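To start, the structure itself, in structure tokens.
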Amino acid sequence: MNAPTAGAPALPASAQSAGIRILGIESSCDETGVALVETRPGAVPALLAHALHSQIDMHQAYGGVVPELASRDHIRRVVPLARQVLAEAGAQLSSVDAIAYTRGPGLAGALLVGAGVAAALGLALGKPIIGIHHLEGHLLSPFLSADPPEFPFIALLVSGGHTQLMRVDGVGRYELLGETVDDAAGEAFDKSAKLLGLGYPGGPALARLAETGDPRAFDLPRPLLHSGNLDFSFAGLKTAVRTQVSKLGQSPCEQQRIDLAASTQAAIVDVLVAKSLAALKQTGLKRLVVAGGVGANRRLREQLSTQCSRRGVRVHYPELALCTDNGAMIALAAALRLQTGREQPRRDYAFDVVPRWDLASL
Ligand code: KG4
Ligand code: ZN
């Protein structure tokens with residue numbers, strides 16, 4: 001595998017003026033996502049079709065993602081999903097102008113599946129391929145919503161592997177303001193859920209259990225809440241949850257579990273909200289984009305909406321179905337990078353993947 005190089009000039013001018021159709025492939029972790037996105041000059045990008053296969057059922061038995069099983073399943077799913085997307089969009093493969101894939105960060109073997117399929121398709125069709133940063137996909141995903149943001153904005157990226165606050169001045173113009181020094185917010189949800197005897201992935205399960213609970217029942221820490229910077233830390237919270245679970249003993253009553261779930265969720269959400277508000281205050285910006293799987297959390301959305309509307313800040317979310325991993329955000333990020341001249345599509349088909357990749361380095 002070679003590092004990507006700037007290759008042949010981008011798309012034909014006719015494709016640019018008529019709009020660009022991009023097939024996006026996401027395979028960085030435990031979801032295979034494929035989508036077809038079309039952009040036209042001066043118009044909001046359109047999602048023509050998307051399809052997703054979640055591996056949750058397969059990994060559930062192991063309590064977490066098994067990388068080798070993930071890679072093998074991506075291989076099985078990606079081509080049928082691409083066929084499904086094209087059929088739903090009523091589009092021919094030959095009408096695709098470029099193929100985008102997640103280049104990183106993520107599981108190396110899983111990423112290689114999407115990258116390999118994208119390169120093979122590109123070569124067969126004579127179309128360029130574009131490697132996309134997974135988190136850039138997440139943070140641009142609200143541009144596919146009915147209420148797209150305008151630049152500049154603060155982005156709160158909260159996924160299973162990342163918790164970051166970024167200042168976003170345009171496509172490819174990302175400044176890291178703060179990030180977690182240990183566990184990610186999604187990881188805090190997942191690990192606490194495991195301690196509470198809930199399945200994988202824990203975030204949605206813990207949020208469901210917490211619905212009727214008392215968020216003040218347990219006094220859990222809000223790490224780095226008053227640290228004076230925009231960094232996060234969630235490892236101590238997990239330890240506090242473990243201590244509470246062992247205090248409850250072997251057979252806690254259901255109400256105690258519900259209250260502990262609600263208190264855990266409140267602790268995570270409080271920190272995410274406080275740091276987001278601090279980032280907005282520090283930069284003077286009045287727009288916040290929330291992206292990544294934890295962005296689907298109802299309490300987080302409610303608290304952010306309340307706090308932000310008090311301060312005259314607009315909050316933008318991706319459509320709920322596009323909060324977690326999907327191919328649409330990868331196709332969209334590629335389309336926006338092409339439109340803004342940030343990307344030179346390559347036709348050398350020498351692909352690589354970057355399992356650890358800093359978004360601010362783009
Ligand atoms: O962005 P994503 O789908 O994958 C990564 O790139 O990591 O995020 C997955 C994370 C998991 O930790 C999952 O538990 C969490 O998002 N998550 C939630 C909710 N839905 C997904 N956490 C809290 N509440 C939810 N409703
Ligand atoms: Zn993700």
Log entry: pair-distance distribution for the range 156-237, C-alpha pairs binned every 10 Å from zero, whole % per bin is 17, 40, 31, 10, 1
Taking the convex hull of Cα positions in the chain, its mean projected area over all directions (nm²) | 17.6 nm²
Partner lysines for Lys281 [C-alpha distance under 29 Å; skip if fewer than 8 residues away on the same chain] = Lys238
Scoring only Lys, Arg, Asp and Glu (+1, +1, -1, -1) among other residues with Cβ under 9 Å from the Cβ of Leu224 yields +1
Taking a 1.4 Å probe, which of Leu300, Leu198, Leu112 shows the most accessible area, and what order do the others take after it?
-> Leu112, Leu198, Leu300
Where the accessible area of the chain is counted over protein heavy atoms with a 1.4 Å probe, how much of it, in %, is carbon and sulfur?
-> 52 percent
Leaving out same-chain residues fewer than 8 places away, which aspartates and glutamates sit with a Cα under 17 Å from that of Lys194?
-> Asp57, Asp183, Glu254, Asp259
Could you state the accessible area per residue of the chain in Å², with a 1.4 Å probe and every protein chain left in place?
-> 41 Å²
In whole Hz, what ³J(HN,Hα) sequence does the range 116-127 give by Karplus (6.51, -1.76, 1.60; θ = phi - 60°), x for Gly and Pro?
-> x, 5, 4, 5, 5, 5, x, 5, 5, 8, x, 10
Top to bottom by accessible area (1.4 Å), largest first, where do Leu220, Leu47, Leu320 land?
-> Leu320, Leu47, Leu220
Report, for the chain, the % of DSSP beta bridges that are antiparallel, rounded to 5.
-> 60 percent
Can you list residues whose amide H is under 5 Å from Asp231's amide H, if they're 5+ apart or on another chain and H is modeled 1.01 Å from N?
-> Glu179
Summed residue charge, Cβ within 10 Å of Pro128's Cβ, Lys/Arg positive, Asp/Glu negative = 0
Using only the Cα atoms of the range 150-317, construct the convex hull and provide its projected area averaged over every direction, in square nanometres to one decimal.
-> 9.2 nm²
From phi via Karplus (6.51, -1.76, 1.60), per-residue ³J(HN,Hα) for the range 104-114 in Hz, x at Gly/Pro = x, x, x, 7, 4, x, 5, 4, 4, 5, x
Convert each backbone phi in the range 270-278 into a coupling constant with the Karplus relation 6.51 cos²θ - 1.76 cosθ + 1.60 (shift: θ = phi - 60°), then list the ³J(HN,Hα) values in order as whole Hz, x for Gly and Pro.
-> 3, 5, 4, 5, 4, 6, 5, 5, 5
With Thr212 itself left out, Lys, Arg at +1 and Asp, Glu at -1 over residues whose Cβ is under 12 Å from its Cβ give -2
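The values are calculated or read from the model by the stated rules, or taken from the named source; none is laboratory data. These figures come from a predicted structure and were not determined experimentally. All Cβ positions, glycine included, derive from the backbone under ideal geometry; neighbour counts span all protein chains shown. Protein only, heavy atoms only, side chains kept; ligands, DNA and RNA dropped before computing areas. Shrake-Rupley method; radii C 1.70, N 1.55, O 1.52, S 1.80 Å.
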